[in-house]
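Encoded as structure tokens, the structure appears first; notes follow it.
The values are calculated or read from the model by the stated rules, or taken from the named source; none is laboratory data. Just so you know, these numbers come straight off a predicted model, no measurement behind them. Note that each Cβ is placed from the backbone with ideal geometry, even for glycine, and that neighbours are counted across all protein chains shown. Protein only, heavy atoms only, side chains kept; ligands, DNA and RNA dropped before computing areas. Shrake-Rupley method; radii C 1.70, N 1.55, O 1.52, S 1.80 Å.
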Amino acid sequence: MAGVPNLERLYECGDVLANAKGLTHKAHRAEYLEILLAVKGDDQCKRLSSQFIARFFPHFPDLCQQSIDAMLDLCEDGNVMIRMQAIKDMPNLCRDSQIKTLPKIADVLTQLLQSEDRAEICVIENSLMTLIRRDTKAAIIGIFSQVHTGEEVVRERALRLVHTKLKTNSGDLLNKEAQAQLVAEIKKVFSSASVTGEEFPRLMAILQMTYLPKSTAGQTEIATMVTTMANLDMAKDFDYSSPEATDRLLQCATHALPYFSKAVPSTAFAEYLISKVLPHYYLLSDIPGADTKTLLCKLTGELCLHLGALAQPGEAARNVFDRLIDYMPLPPLAEDGSVTAEVPSLEFTKVECLMFAFHRICRQATTFLTEDEERLKDFKLRLQYLARGVTGYISKLREFLKTAGTRAKEAEGQDDVKVKQIALRTNENIQAMIRDLFHSPPIYKAEVTLSFRERTKGAAGAPKPGEKRKP
């Protein structure tokens with residue numbers, strides 16, 4: 001090709017620039033332009049031009065864009081070895097006085113993650129890691145540029161890279177400015193309403209590396225971000241026929257849970273699940289690999305732990321009550337009308353969660369049970385029958401744990417003792433709430449910790465100061 005230097009001429013240009021001192025580089029602009037032109041040459045010239053551009057680029061700031069364009073041509077070359085050489089050299093285009101080009105270079109390298117060549121992807125990731133170490137904030141800007149606008153495969157690989165690389169080196173790389181940039185970028189991703197089920201947990205894990213979870217204000221901000229992404233529109237009906245909508249909502253609720261507290265109430269999420277989702281309980285689409293109904297019951301219970309003032313506590317109580325009594329059968333009657341001694345078969349986890357939610361909501365709807373005599377009478381019959389089953393099961397569990405000690409039976413292949421301990425806590429919780437509900441009129445004072453949550457200091461069942469721990 002006319003005008004394109006051959007390998008010998010390319011070495012001559014390199015020697016001239018290597019021997020130039022200080023400002024004399026400007027006198028050799030023509031040689032640098034020949035090096036840029038060499039990206040159109042043969043394979044050997046292309047690889048050498050990549051190295052020379054990276055080496056002498058800082059001396060010709062006015063040719064910045066031409067230099068980047070030349071390197072981009074090499075990054076898109078049909079020969080994988082030439083591409084890998086250029087990718088390896090790219091970080092050298094943003095050294096020292098050229099640091100301002102770093103976001104653009106990070107953007108370009110991230111876009112190249114669409115490659116299907118494993119070795120090439122490894123070189124790209126190494127070059128991106130070089131940029132992250134050089135200026136973490138600027139690199140985050142460049143990488144997230146592709147997260148916002150890139151192809152699905154680029155977006156997924158970019159997020160995975162940010163998560164894994166920053167997780168390993170977060171202490172060294174994530175200064176306050178870089179953390180603030182991460183938060184801003186993730187907010188932007190959430191607001192785009194294009195986050196997939198696979199991306200969401202990764203984005204939440206990246207947020208964990210920032211300063212946000214360390215303060216009440218930050219926890220509020222995270223909870224608000226997730227709530228916004230969940231799109232809890234009380235004016236619209238929930239699309240219960242869509243597995244994607246159900247999965248999205250339950251994932252959002254699950255990831256928002258750790259950030260709710262007395263200072264950060266979970267009212268919006270709780271109200272939405274209770275008002276918009278529970279009424280369609282039996283019509284919900286199943287989420288592959290998950291027990292949707294159990295997950296919904298657990299989330300309903302957990303979200304009611306930190307409730308603020310409900311807009312319609314009576315309606316909320318009714319919606320939870322309607323699901324609760326589904327799992328609280330009436331006592332079976334013998335032919336003579338007497339109650340049989342049959343012990344009920346119960347789904348204890350669902351009962352515990354729904355009863356816990358009902359118990360918490362009724363603190364704001366104290367007359368829900370007493371305002372309807374028939375409802376209260378029917379409920380007390382169900383409670384009585386439930387209490388019999390719970391009492392019997394608690395007795396069996398305590399006997400088992402007393403004889404089994406604290407070691408699981410190896411032959412069973414699972415920690416049977418631990419399972420029974422959780423089952424005991426579940427039933428003791430139900431028993432404590434039954435006592436309140438049996439009271440005349442019902443009261444809502446019992447403080448219980450859901451059996452599948454870690455007990456906090458001072459929680460129900462924990463020994464009081466000076467009191468011996470029960471075996």
- Portion, in percent, of the accessible area of region 1-129 that falls on carbon or sulfur, probe 1.4 Å: 52
- Could you work out how far helix 7-19 tilts from the main Cα principal axis of the chain, as a 0 to 90 degree angle to the nearest 10? 90
- Note on the structure: Two pseudo-spin positions, 7 Å from Cα along C-beta at Lys214 and at Glu177, lie apart in nanometres by 1.8
- Item | Computed helical MRE - 222 nm, the chain, DSSP H runs ≥ 4 contributing -39500 (n - 2.57), nearest 500 | -19000 deg cm²/dmol
- Message: Full-extension gain between Ala263 and Leu283, please, as 0.36 nm times their residue separation minus the C-alpha to C-alpha distance.
- Response: 3.7 nm
- What spacing in nm lies between the two simple spin-label points modelled at Glu151 and Asp233, each 7 Å away from Cα in the Cβ direction? 3.3
- Query: Quick one: helix 118-134 against the long Cα principal axis of the chain, what's the angle to the nearest 10°, folded into 0 to 90?
  - Reply: 90
- Please give the contour-minus-distance gain from Glu374 to Phe400: 0.36 nm per residue of separation, less the Cα-Cα distance, rounded to one decimal in nm. 5.4 nm
- Full-extension gain in nm, Lys21 to Leu7, via 0.36 nm per residue minus C-alpha separation: 2.7 nm
- Ser97 and Ala119 label points (each 7 Å along its Cα→Cβ direction) are spaced in nm at 3.8
- Give the label of the value calculated from the structure for log10 I(q)/I(0) by the Debye sum over Cα atoms at q = 0.08, 0.09 Å⁻¹, choosing from [x] -0.42, -0.54; [y] -0.56, -0.70; [z] -0.66, -0.76. [z]
- Rounded percent of accessible protein surface that carbon and sulfur make up, region 253-334, 1.4 Å probe: 57
- Task: May I ask you to derive the FRET efficiency for Val417 and Thr168 from their Cβ-Cβ distance with R0 = 51 Å, giving the value to the nearest 0.05?
- Result: 0.90
- Item | Accessible surface, per residue, of the chain when the full set of protein chains is kept, probe 1.4 Å, Å² | 51
- Helix 373-404 axis, angle to the chain major axis (alpha carbon atoms, nearest 10°): 70
- Message: Please state the shape class of region 156-233: rounded when a/c is under 1.5, otherwise prolate if a/b exceeds b/c and oblate if not, all from the C-alpha gyration tensor.
- Response: oblate
- Note on the structure: The FRET efficiency for Glu347 and Asp42, from their Cβ-Cβ distance with R0 = 60 Å and rounded to 0.05, is 0.25
- Task: Sequence neighbours fewer than 8 away in the same chain don't count; with that in mind, list the lysines whose C-alpha is under 25 Å from Lys214.
- Result: Lys137, Lys165, Lys167, Lys176, Lys187, Lys188, Lys262, Lys457
- Query: Where the centre of each part is set by its Cα atoms, how far does region 80-110 sit from region 126-170, in angstrom?
  - Reply: 13
